[in-house]
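Student: Dropping the structure in here first, questions after.
The values are calculated or read from the model by the stated rules, or taken from the named source; none is laboratory data. In this text, all values refer to a predicted model and were calculated from it rather than measured experimentally. All Cβ positions, glycine included, derive from the backbone under ideal geometry; neighbour counts span all protein chains shown. The area values use the complete protein model at the heavy-atom level, side chains included, leaving out ligands, DNA and RNA. Shrake-Rupley method; radii C 1.70, N 1.55, O 1.52, S 1.80 Å.
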Amino acid sequence: MAPPVVRTMVEDDINTLLDIEEACFATPWTWDSFLYELKENPYATYYVMELDGVIIGYCGLWLIIDEAHITNIAIMPDYRGYKYGNFLFSHVLEKAREAGAIQLSLEVRVSNIVAQKMYRKYGLIPGEIRKRYYTDNQEDALVMWVKL
């Protein structure tokens, strides 16, 4: 099996990203949400990760002046546990650095210990709690950040 490839998302990828959203999230993004991020949001860049030509994950990155923010990151459930999330996250961190970002932040569910553990490996530290952040079950979000 060839190593994964990360590339910038294009409009033709949206339908596959919708499948990933459905498989990974209780409140998946819509086609229009992805199209807006791709075509209208000047701060957004989305990356897809392919394995043998099949998109298995994606990550959204906002860059506003010198601050980066991960909007979302997802790996198809069948591909979890193989370090593909690490591969994708490290790629996007490097892209943020290359673009001149001096810090990066994200929100993660307080119950998502697996993701928090991965983020800590990259130096992210816990910050504030955003109460009732997730609309599907009112779960709190932990804000994590790192200086780049």
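Student: So is Ala23 closer than 26 Å to Asp136 by Cβ, open to solvent by 40 Å² or more (accessible area, probe 1.4 Å) and of a type in the set (A, V, I, L, M) or not? Outline the logic, then answer.
Tutor: Working: closer than 26 Å to Asp136 by Cβ: yes; open to solvent by 40 Å² or more (accessible area, probe 1.4 Å): yes; of a type in the set (A, V, I, L, M): yes.
Yes: the conditions hold for Ala23.
Student: Answer yes or no: is there a residue in region 123-130 that is in a loop (DSSP other than H, G, I, E, B), hydrophobic (A, V, I, L, M, F, W, C) and closer than 20 Å to Ala26 by Cβ.
Tutor: No: region 123-130 contains no residue that is in a loop (DSSP other than H, G, I, E, B), hydrophobic (A, V, I, L, M, F, W, C) and closer than 20 Å to Ala26 by Cβ.
Student: Something else: Looking only at region 2-12, filter to residues that are over 15 Å from the mean Cα position of the chain (by Cα) and within 20 Å of Glu40 (Cβ to Cβ); which one of those is surrounded by the fewest Cβ atoms within 10 Å (Cβ to Cβ)? Spell out how you get there, then give the answer.
Tutor: Let us first name the residues in region 2-12 that are over 15 Å from the mean Cα position of the chain (by Cα), namely 2-5, 10-12.
Applying the additional criterion that residues be within 20 Å of Glu40 (Cβ to Cβ) yields 10-12.
Working: Val10: 10, Glu11: 11, Asp12: 7.
Top of the filtered list is Asp12.
Student: Could you give every pair whose Cβ atoms fall below 6 Å, whose first residue belongs to region 117-139 and is among the acidic types (Asp, Glu), and whose second residue is assigned to a strand (DSSP E or B), counting only separations of at least 6 or pairs across chains?
Tutor: As it stands, the answer is Glu128/Val143; Glu139/Arg109, since those pairs meet every condition given.
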